[in-house]
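The values are calculated or read from the model by the stated rules, or taken from the named source; none is laboratory data. None of the values given here were measured: they were computed from a predicted structure. Quick reminder, even Gly has a Cβ in these numbers, built from the backbone with ideal geometry, and neighbours come from all protein chains shown.
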Amino acid sequence: MKPFDVVVVGGGPAGSAAAIGCAQRGLHVALIERHDFPRFRPGESLHPGIEPVLQQLGVAGQLCAQDALRFNGYWVQWNEPLRFNGFGSDDKGPWQGFQIPRETLDTTLLQHAAALGVMVRQPCRALAVLSEKNRVTGVRTDSGPLHAAYVIDASGASAWLHRQLGLTVRRCSPRLIARYGYVRGCPLAYQHAPHLSAGPAGWTWIARVQAQLTHWTHLAFEAPNLGHPTVPEPLQHLPTQGAIHGADVTWRISTAAAGGGYFVVGDAASQLDPASSHGVLKALMTGMQAAQAVYDCLGQPSVQTSAQRQYKQWLGDWFEKDMAQLRRFYRLHPDPPRWLAADD
Ligand SMILES: Cc1cc2nc3c(=O)[nH]c(=O)nc-3n(C[C@H](O)[C@H](O)[C@H](O)COP(=O)(O)OP(=O)(O)OC[C@H]3O[C@@H](n4cnc5c(N)ncnc54)[C@H](O)[C@@H]3O)c2cc1C
C-alpha cells in the first residue's frame, strides 16, 4: 500500500479534527479507531468558543442545530453565595454553550473526515509504532502496517505513543479520579444551566445534557480511592442510567508532544481535570494545529524542528495558563486541596 502522508491514531474530537485539517489541505490521510461508533465518552457541555472551530472544520451546520440544548453560562456555589457565571454577550445577544451528546459529535466529525477522503479503519487498534533511525514512520495495527510520513497520536488519556516511545510526562497534581454518571430526568433547578458546587474537599458538576438526561461529575481533591461512589444528593431520587464511571484526570502534560515524524494531540498531549471546562475545545484545536504543522513540515522539510518546537511551546503555554487559572479557582474553595499549597 502506498505510504500515507499522515496516520492518525484515535477517532475522538482531537483525531478527527487532525484528520479533517490534513484532508482540507489535500494530504493523504488514514485514521484508525479501536472502537466501533457510537462509543461512550463523557464531555457533552461545550463552551461557546467551539462554534467557530466547528465552522472551520465544516460541521457547524450539522452540530449547532436550533434544537441543540443551549445555555448562557452556569451557576457556581463556591466561596460565596450562589452566583451565575455568564459566558458574556455581544450585540447579537448572550453567548451560548451547547450540550451535544458525544456520540453525535464524534460520529459527525469522523463521518466528515471520511467524506473528505480520509481512509477510516474502524475498529482497528494501533499495536506498535514503526520507526527508522529515530523517526516514527508508521503504525503496526491489528489489520496490518500503515506507513506514513507523520503519525498524529490522538489516543486520549491512554497516551498510546507515549507508552510506545517511553516519552516523559510531567505530572502537576497527585492522582485525581473523577467519578461520573447519568440519571434520567432533571430536577427543575438544573433545567436551564449547569451547576458547579463546592463540597467537602471537592466539587460536583451537574448538567442537563439531553431533554431527559442529567450528567454529574464529582471530583475529590484527596484520597481518590476512598469511599464508595454515590449519585449526588440532589439527583438521588431519579433513576440512574448506566454505571458510575471513574476517569483518571490527573493534571499532566507531555514534555515531548512533537518529535521526529510525530505530533501528539488532545488528552494524549495534556490534560487537566474537567473543572477546566474545555477539554473538547482543546482536543479540536490541538488537532487542527498539528494538521497545520504537519502540512508545513511536508511542504518544507527544513522547518520541521522549528514546527515541532513551536507546537510544544504553544501547547505548554496554553496548559500553564489553564493550570494557573484552575489553581487560583481551587485556592478560593472553602476546603482547598492541601497539595496546592505544597506545590506553589
Ligand atoms: C468526567 C469527565 C467529564 C468531562 N466533561 C467535559 C465537558 O463537559 N466538556 C468538555 O469540553 N470536556 C469534558 N471532558 C474532557 C473531554 O472528555 C476530553 O478532553 C476529550 O474527550 C478529549 O478528546 P480526545 O480526542 O483527545 O480523546 P478521546 O475522546 O478519549 O478519544 C481518543 C480515541 O482514541 C481511541 N484509541 C485509544 N487508543 C487507541 C489505539 N491503540 N488504537 C486505536 N484507537 C485508539 C479511543 O478509542 C478513543 O476513541 C470531561 C472529561 C471527563 C473525564
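Overview of results
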item	result
Among residues of segment 198-221, those that are in contact with a Phe, Trp or Tyr (Cβ under 8 Å, 6 or more places away or on another chain) and surrounded by fewer than 16 Cβ atoms within 10 Å (Cβ to Cβ), counted	0
Candidate set from segment 34-49 (those that are within 6 Å of the ligand (Cβ to nearest atom) and touching a Pro at 6+ places or on another chain (Cβ under 7 Å)); member that is farthest from G97 (Cα to Cα)	R34
Test result for L188, outside the structural domain of K312 (by TED's automatic domain parsing) and within 13 Å of the ligand (Cβ to nearest atom)	no
Filter pass, R121 being modelled with pLDDT of 95 or more, of a type outside the set (D, E) and within 20 Å of the chain's Cα centre (by Cα)	no
Residues satisfying the stated conditions in segment 185-208, i.e. polar (S, T, N, Q) and assigned to a loop (DSSP other than H, G, I, E, B)	Q191
Within segment 227-300, strands (runs of 3 or more DSSP E) holding 2 or more residues that are surrounded by 17 or more Cβ atoms within 10 Å (Cβ to Cβ)	252-254, 262-264
Scope segment 286-315; condition free of Cβ contacts under 8 Å to residues at least 12 places away in the same chain and hydrophobic (A, V, I, L, M, F, W, C); matching residues	V303
Selection from segment 130-149 of residues that are surrounded by fewer than 21 Cβ atoms within 10 Å (Cβ to Cβ), within 11 Å of the ligand (Cβ to nearest atom) and in contact (Cβ under 8 Å) with a residue 60 or more places away in the chain	T141
Residue match in segment 276-284 (condition: more than 21 Å from V29 (Cβ to Cβ), hydroxyl-bearing (S, T, Y), at pLDDT 95 or above and within 15 Å of the ligand (Cβ to nearest atom))	no
Flag for I152 being touching a helix residue (DSSP H, G or I) at 6+ places or on another chain (Cβ under 6 Å) and more than 9 Å from the ligand (Cβ to nearest atom)	yes
Test set (1) at pLDDT 90 or above; (2) over 19 Å from the mean Cα position of the chain (by Cα) - E44 fails condition number	(2)
Residue in segment 215-237 that is away from the ligand (no atom under 16 Å from the Cβ) and among the polar types (S, T, N, Q) present	yes
Residue among D273, D335, D248, D267 that is under 30 Å from L188 (Cα atoms) and within 11 Å of the ligand (Cβ to nearest atom)	D273
F87, sole failed condition from (1) surrounded by fewer than 15 Cβ atoms within 10 Å (Cβ to Cβ); (2) farther than 27 Å from F263 by Cβ; (3) of a type in the set (A, V, I, L, M, F, W, C)	(1)
Pick from segment 155-184, criterion of a type in the set (A, V, I, L, M) and part of a strand (DSSP E or B), ranking: nearest to the ligand (Cβ to nearest atom)	A178
Test result for A154, over 30 Å from G86 (Cα atoms), surrounded by fewer than 18 Cβ atoms within 10 Å (Cβ to Cβ) and among the hydrophobic types (A, V, I, L, M, F, W, C)	no
Qualifying strands (runs of 3 or more DSSP E) (wholly inside segment 10-123; at least 3 residues being in contact (Cβ under 8 Å) with a residue 12 or more places away in the chain and farther than 27 Å from V249 by Cα)	119-121
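A quick yes/no check of all residues on (1) within 15 Å of the ligand (Cβ to nearest atom); (2) modelled with pLDDT under 95; (3) under 16 Å from the mean Cα position of the chain (by Cα):
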| residue | (1), (2), (3) |
| --- | --- |
| G10 | yes, no, yes |
| P13 | yes, no, yes |
| G26 | no, no, no |
| I32 | yes, no, no |
| E51 | yes, yes, yes |
| G61 | no, yes, no |
| L69 | yes, yes, no |
| Q77 | no, no, no |
| P81 | no, yes, no |
